[in-house]
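Shown next, in structure tokens, is the structure this report addresses.
The values are calculated or read from the model by the stated rules, or taken from the named source; none is laboratory data. What you are looking at is a predicted structure, and each value in this text was computed from that prediction instead of being measured. A quick note on method: Cβ atoms are made from the backbone with ideal geometry, for glycine too, and the neighbour counts reach across all protein chains shown. SASA here: full protein model, heavy atoms, side chains in, ligands and nucleic acids out. Shrake-Rupley method; radii C 1.70, N 1.55, O 1.52, S 1.80 Å.
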Amino acid sequence: MPARIIENSNKNIQSEKLIFPPEKEKSMQSHINVESKYTDMYERSLREPEKFWIESAAELSWFKFPKKALKYSPNSELGIFQHTWFEDGILNVSFNCLDRHLVNGKENKPAIIFQGQNEKEVKSYTFKELHEEVCRLSNLFKSYGINKGDRICIYLPVCIEAVCAMLASSRIGAIHSVVFGGFSAEALAYRINHCQCKIVITSDVTVRGKKKIFLKKETDIALQECPSVEHVLVVKKDPDLCEMNPHRDRFYHEEIAKMSPDCSPEPLQAEDPLFILYTSGSTGKPKGVVHSQAGYLLHASLSHKYIFDIREDDRYWCTADPGWITGHSYVVYGPLANGCTTYIYDGLPDFPDPGRCWKIIKENKITVFYTAPTLIRSLMREGESWPQSYDLSSLRILGSVGEPINPNAWMWYYQFIGNNHCRVIDTWWQTETGGIMIAPFPGCHTLKPGSASRPFFGVEPIILRDDGSECAPNESGNLCMKRPWPGMMRTIWNDRDKFIETYFTQFPGLYFTGDGAFIDSDGDYWLSGRVDDVVNIAGHRLGTAEIESALVNHPSVAEAAVVSVDDSIKGEALYAFVTPIRDCIPDETLRNELFTEVRKIIGAIAVPQTIQFTSALPKTRSGKIMRRLLKKIASKKYEDLGDVSTLADPLIIKNLIKGIF
Ligand code: WT7
């Protein structure tokens with residue numbers, strides 16, 4: 001049984017907490033099995049970054065080994081955001097994920113194993129087979145005239161072809177932009193146009209439970225507005241006919257079969273861009289986060305190795321979709337660079353029943369499982385009899401990512417999935433950070449349910465009050481980073497000003513994460529969620545401004561404000577306050593039209609749970625919508641509305657509470 005400790009009373013933390021120290025016997029096999037080893041390495045990564053990172057760079061295979069790790073001038077006007085890593089190094093990411101494993105005895109080791117929603121749909125590729133398919137696809141890209149630096153859009157469900165497309169893009173030095181299959185045609189078109197993709201790889205259909213989603217149809221709608229796209233490759237999954245444009249569209253499998261299975265990897269500069277991934281911020285439009293080759297790959301692979309304590313025979317399953325950063329770093333690049341077998345599953349976690357994930361773990365003897373709190377909470381609701389009917393004893397490490405994991409869900413994960421013997425690893429990071437930034441090392445850190453524990457090598461966090469002074473222990477504030485790390489984003493595609501403004505202006509000289517956090521008296525980090533207008537719905541990151549702009553797109557809407565309320569499964573749920581234009585009496589038809597509008601412009605994931613019509617929104621005298629107030633009203637926390645003296649019209653609050661239009 002875990003030890004219990006009593007913390008000094010502090011309103012930030014629970015007064016009584018559970019702690020789970022590492023078990024000595026099991027830790028012996030860990031890469032880092034005593035805390036002093038972590039501390040030594042961590043401190044060295046900050047004290048002698050140059051030596052530390054050049055040594056770490058030897059984990060990758062280079063065509064030209066870099067002479068220098070980090071270049072930046074912390075005191076220059078450009079500060080932390082002007083940095084390069086391994087600048088004179090030359091390498092290829094797909095070579096690191098594939099070719100090098102063909103000569104170290106792993107050629108017949110499974111690289112990727114796919115499980116479809118339909119139980120019989122299983123596909124497995126060895127490193128050699130994956131290498132072959134990636135080479136064929138690279139040759140196809142080349143035959144289409146796609147060159148180094150060109151952009152490739154990948155709009156696919158979870159499938160091996162998505163992984164091949166990412167690796168083939170990296171092989172030829174193109175830049176991929178993966179768009180989550182849950183986004184609508186309009187959202188897809190914005191992303192394609194913003195970075196001018198030349199090709200889209202999609203599939204005819206994908207299944208979600210009993211529902212079919214027609215990705216190719218969405219693509220066709222999107223492409224009416226996307227003149228840059230010359231080619232479409234379609235991964236055919238369904239026997240039904242799929243409409244094809246003979247001048248533009250080809251079937252993926254037919255085309256790659258014609259190609260040679262050899263393609264030499266393009267030698268690339270360490271700082272050449274590897275991919276763009278669009279993510280939401282506090283502004284109305286998504287931002288194209290740019291990651292580069294070497295720093296990103298090193299961060300992803302090194303963190304994957306240490307945080308999941310990866311061993312040669314691991315069977316590793318991360319449930320993320322390739323459309324999100326977790327799918328990039330911890331389904332594809334990190335595991336494959338480490339020569340680790342990566343499992344992927346395309347389907348609902350509760351289809352045909354809530355035991356599906358546990359069944360996959362049992363049947364494949366998964367050793368490391370990495371998922372999101374929202375999945376844990378939704379399966380927790382179904383009761384422990386589901387996991388208890390499967391033998392889950394193969395599991396060693398259980399990861400969590402995407403949002404804060406509440407102690408209840410943590411404990412359930414620990415007890416019923418991990419059977420009280422696995423390490424539960426809460427990993428905090430962001431699309432922008434490229435890889436894990438704060439997480440416990442399984443072999444040496446004491447776990448606390450709800451805490452993300454310690455910073456990864458080279459990561460130097462600081463927590464600040466709004467006025468820029470440093471918070472005391474146990475005091476919540478704004479989480480910032482004091483220096484660049486290898487996996488840090490390099491810019492926002494085509495918008496350097498926005499890059500600087502978004503991340504480096506609130507706290508000059510520092511990277512601002514947008515998250516709130518505090519450090520407890522032991523030095524462990526606790527993350528509390530966003531402090532800006534970004535929300536996290538079932539692990540999907542959305543900007544409230546984006547949803548508001550979709551709502552006001554409807555001709556009957558004058559104004560909209562979207563906030564989030566706590567949700568026991570999704571973490572947060574969306575609540576929209578909508579003011580119709582003068583003379584419009586809002587009704588159910590308008591409400592349904594608004595749901596449809598958001599689905600059309602962004603996708604189903606962004607549709608608000610609740611729309612409350614209001615004759616006006618609470619604003620300050622200077623015209624700023626008071627979102628904090630709206631959040632409290634939406635959460636029915638009326639007693640604690642705080643200072644409303646700056647409101648232009650205090651009567652609005654009464655009406656909002658009463659739900660009067
Ligand atoms: C935001 C980043 C990191 C990959 C998936 C999400 C929240 C993420 C945690 C965690 C508390 C977390 C933060 C962060 N977040 N992981 N372990 N504990 N919050 O990537 O879509 O870029 O979202 O997700 O608020 O800023 P993303």
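From Asp321, Asp313, grab the single residue that is in a loop (DSSP other than H, G, I, E, B), within 16 Å of the ligand (Cβ to nearest atom) and not β-branched (Val, Ile, Thr). Even if it seems obvious, please write down each step before you answer.
Working: Asp313 fails: within 16 Å of the ligand (Cβ to nearest atom).
None of the other options fit; the residue is Asp321.
Being in contact with a His (Cβ under 9 Å, 6 or more places away or on another chain), farther than 18 Å from Ile397 by Cα and more than 12 Å from the ligand (Cβ to nearest atom) is the filter here; which residues of the range 324-335 pass it?
If the condition is that a residue be in contact with a His (Cβ under 9 Å, 6 or more places away or on another chain), farther than 18 Å from Ile397 by Cα and more than 12 Å from the ligand (Cβ to nearest atom), then Tyr333 is the only one that fits.
Against the conditions (1) within 16 Å of the ligand (Cβ to nearest atom); (2) in contact with a strand residue (DSSP E or B) (Cβ under 7 Å, 6 or more places away or on another chain); (3) aliphatic (A, V, I, L, M); (4) closer than 26 Å to Arg465 by Cβ, where does Ile537 fall short? Just the number, please.
Tallying (1) within 16 Å of the ligand (Cβ to nearest atom); (2) in contact with a strand residue (DSSP E or B) (Cβ under 7 Å, 6 or more places away or on another chain); (3) aliphatic (A, V, I, L, M); (4) closer than 26 Å to Arg465 by Cβ, Ile537 fails exactly one: (4).
Out of (1) touching a residue at least 24 places away in the same chain (Cβ under 8 Å); (2) open to solvent by 20 Å² or more (accessible area, probe 1.4 Å), the odd one out for Lys287 is which?
Unmet for Lys287, out of (1) touching a residue at least 24 places away in the same chain (Cβ under 8 Å); (2) open to solvent by 20 Å² or more (accessible area, probe 1.4 Å): (2).
Identify all residues within the range 411-431 that are within 11 Å of the ligand (Cβ to nearest atom), crowded, with 24+ Cβ neighbours inside 10 Å and not in a loop (DSSP other than H, G, I, E, B); write none if there are none. So that I can check it myself, show each step before the final result.
Our first condition is that a residue be within 11 Å of the ligand (Cβ to nearest atom); within the range 411-431, this holds for 425-431.
Now drop any that are not crowded, with 24+ Cβ neighbours inside 10 Å, which leaves 425-429.
If the condition is that a residue be within 11 Å of the ligand (Cβ to nearest atom), crowded, with 24+ Cβ neighbours inside 10 Å and not in a loop (DSSP other than H, G, I, E, B), then Ile425, Asp426, Thr427, Trp428 are the ones that fit.
Which of the residues that make up the range 46-87 are open to solvent by 40 Å² or more (accessible area, probe 1.4 Å) and more than 18 Å from Leu298 (Cα to Cα)?
Arg47, Tyr72, Ser73, Pro74, Asn75, Ser76, Glu77, Leu78, Gln82
Is there a residue being surrounded by fewer than 24 Cβ atoms within 10 Å (Cβ to Cβ), small (Gly, Ala, Ser) and modelled with pLDDT under 95 anywhere in the range 298-320?
Checked the range 298-320: no residue is surrounded by fewer than 24 Cβ atoms within 10 Å (Cβ to Cβ), small (Gly, Ala, Ser) and modelled with pLDDT under 95.
Scan the range 508-528 and tell me whether some residue there is open to solvent by 30 Å² or more (accessible area, probe 1.4 Å), near the ligand (Cβ under 9 Å from one of its atoms), of a type in the set (D, E, K, R) and over 19 Å from Lys482 (Cα atoms).
For the range 508-528, residues open to solvent by 30 Å² or more (accessible area, probe 1.4 Å), near the ligand (Cβ under 9 Å from one of its atoms), of a type in the set (D, E, K, R) and over 19 Å from Lys482 (Cα atoms): absent.
Tell me which residues, restricted to the range 529-574, are surrounded by 23 or more Cβ atoms within 10 Å (Cβ to Cβ) and among the hydroxyl-bearing types (Ser, Thr, Tyr).
Those that are surrounded by 23 or more Cβ atoms within 10 Å (Cβ to Cβ) and among the hydroxyl-bearing types (Ser, Thr, Tyr): Thr544, Ser564.
For the range 572-586, enumerate the residues that are modelled with pLDDT of 90 or more and farther than 17 Å from Ile652 by Cα.
Glu572, Ala573, Leu574, Tyr575, Cys584, Ile585, Pro586
Just checking: which of the strands (runs of 3 or more DSSP E) contained wholly in the range 526-567 hold 1 or more residues that are over 30 Å from Ala409 (Cα atoms) and free of Cβ contacts under 8 Å to residues at least 40 places away in the same chain?
Those strands (runs of 3 or more DSSP E) span 557-567.
From Glu55, Glu43, Glu50, which residue is more than 15 Å from Leu510 (Cβ to Cβ) and touching a Leu at 6+ places or on another chain (Cβ under 8 Å)?
Glu50
Need the failing condition index for Glu43 against (1) open to solvent by less than 30 Å² (accessible area, probe 1.4 Å); (2) not in a loop (DSSP other than H, G, I, E, B), just the number.
Just one mismatch for Glu43, condition (1).
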